[in-house]
1. May I ask you to compute the full-extension gain from residue 133 to residue 7, defined as 0.36 nm times their residue separation minus their alpha-carbon distance, rounded to one decimal in nm?
2. Taking the Cα atoms of the range 225-391 alone, what are Rg (to one decimal) and Dmax (as a whole number) in Å?
3. So, R0 is 25 Å and r is the distance between the beta-carbons of residue 357 and residue 159; what FRET efficiency does that work out to, to 0.05?
4. Find the Rg to Rh ratio for the range 103-190, where Rh is the Kirkwood radius over alpha-carbon pairs and Rg uses the same atoms.
5. Over the range 139-216, with a single point scatterer placed on each C-alpha, what log10 of the ratio I(q)/I(0) does the Debye formula yield at q = 0.15, 0.27 1/Å?
6. What order, most packed first, do the peptides 276-282, 169-175 have when packing is the mean number of other Cβ atoms within 10 Å of each residue?
7. Starting from the Cα-Cα distance between residue 241 and residue 141, subtract it from 0.36 nm times their residue separation and give me the gain in nm to one decimal.
8. Using packing as a proxy for protection, rank 259-270, 149-160 so that the peptide with the highest average count of other Cβ atoms within 10 Å comes first.
Ligand code: ADP
């Protein structure tokens with residue numbers, strides 16, 4: 001019986017031999033265990049197969065890379081979008097196949113909150129959005145999505161806004177020219193008032209067109225083209241001077257607290273526009289004599305430009321929407337104050353283009369703090385720093 005049992009165990013035969021007594025029970029129990037093991041194996045194989053079939057059917061390229069950066073598995077879209085070759089590329093290093101330095105930098109960073117946009121390595125007309133997820137013990141799941149169509153539509157929208165704004169500039173300049181000439185004449189009161197209002201509105205429209213053009217330029221690329229050291233001390237002092245003029249009789253108390261040892265690296269016209277938007281908003285949306293603090297600080301983790309006011313603050317539910325185009329808390333107050341509704345949207349884009357992030361904290365009744373956080377690779381240490389922490 002033992003021989004029969006052992007022969008059955010080592011054979012491929014599934015049905016158990018018909019044995020009497022305890023040997024029969026033993027063989028049957030073993031048979032049941034083997035059967036359930038087989039069922040589980042089949043179920044797992046079917047799950048893996050279904051998973052692979054569904055990933056293979058995805059339009060997005062899906063690639064699994066092991067902890068040593070070797071290609072383990074990919075779907076057919078990865079062959080079409082990334083040019084991976086079936087079988088031949090298995091176990092090759094992904095960094096030898098996707099060699100764009102921007103991809104390599106992104107891949108090695110190991111924190112992937114933001115996706116990366118690049119053209120496909122095999123077709124310049126395809127724009128891919130890469131995102132990576134870490135799993136297991138250092139393995140990576142790479143997904144590349146074709147976003148060419150979305151980018152094309154975005155481009156059409158941007159060039160429409162840009163062209164429309166551009167076209168509006170000439171008629172506005174002509175209108176303003178005539179209005180200024182009329183306003184120099186002796187005119188009956190009602191006509192004079194009408195013309196003054198027309199001039200004011202033309203001025204507003206010019207501001208709107210200027211901001212729309214700026215925003216569409218900022219949106220056209222995600223990163224600044226060239227960067228150079230920006231004299232942040234002078235830039236913030238100039239903004240303070242202009243803000244005091246804007247404040248006029250309201251007598252806001254504007255203070256500067258500047259790190260004396262560092263400058264920022266970037267595009268000074270963009271940074272000027274971003275920081276002045278924040279400081280001018282603090283003047284426009286806070287009562288007379290409010291204290292406003294402009295700060296430039298560099299720590300071991302980041303560099304921050306912040307504008308803090310002690311105005312009436314902003315209710316929490318407005319905060320997430322504040323950087324949306326034309327989002328305003330109080331429509332009448334904002335247009336009265338001369339804002340275009342695009343200011344914070346411009347700030348957000350400028351900061352992102354400099355690799356940073358805009359954060360907004362506010363408490364009703366206490367005030368608001370708008371801070372622009374930049375990575376340290378956008379900071380340089382000054383060779384001849386000014387005297388320590390610069391207060392003005
Ligand atoms: P606007 O051109 O209307 O100023 P922004 O995008 O610059 O547009 O600001 C959006 C809205 O955020 C403003 O309309 C205003 O209500 C609010 N806001 C901005 N800065 C402040 C601030 N420092 N204190 C209170 N409210 C503010």
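Quick note: the coordinates plus some simple rules give every number you see, no bench work behind them. What you see is a predicted model; the values in this text were computed from it and never measured. Reconstructed Cβ throughout: ideal geometry from the backbone, glycine too, with neighbour counts over all protein chains shown.
1. Taking 0.36 nm per residue and subtracting the Cα distance, the gain is 40.5 nm.
2. Radius of gyration, then largest Cα-Cα span, for the range 225-391: 15.4, 48 Å.
3. Details: r = 28 Å, r/R0 = 1.11.
Here the calculated transfer efficiency is 0.35.
4. Values: Rg = 25.5 Å, Rh = 17.8 Å.
Checking Rg against Rh, the ratio lands at 1.43.
5. Reported log10 I(q)/I(0), two decimals: -0.67, -1.16.
6. On the way: 276-282: 23.4, 169-175: 12.3.
In decreasing order of mean packing, 276-282, 169-175 become 276-282, 169-175.
7. Details: separation 100, 0.36 × 100 = 36.00 nm, distance 5.19 nm.
My answer for the length gained is 30.8 nm.
8. Values: 259-270: 19.1, 149-160: 11.7.
With the highest mean Cβ count within 10 Å placed first, the list reads 259-270, 149-160.
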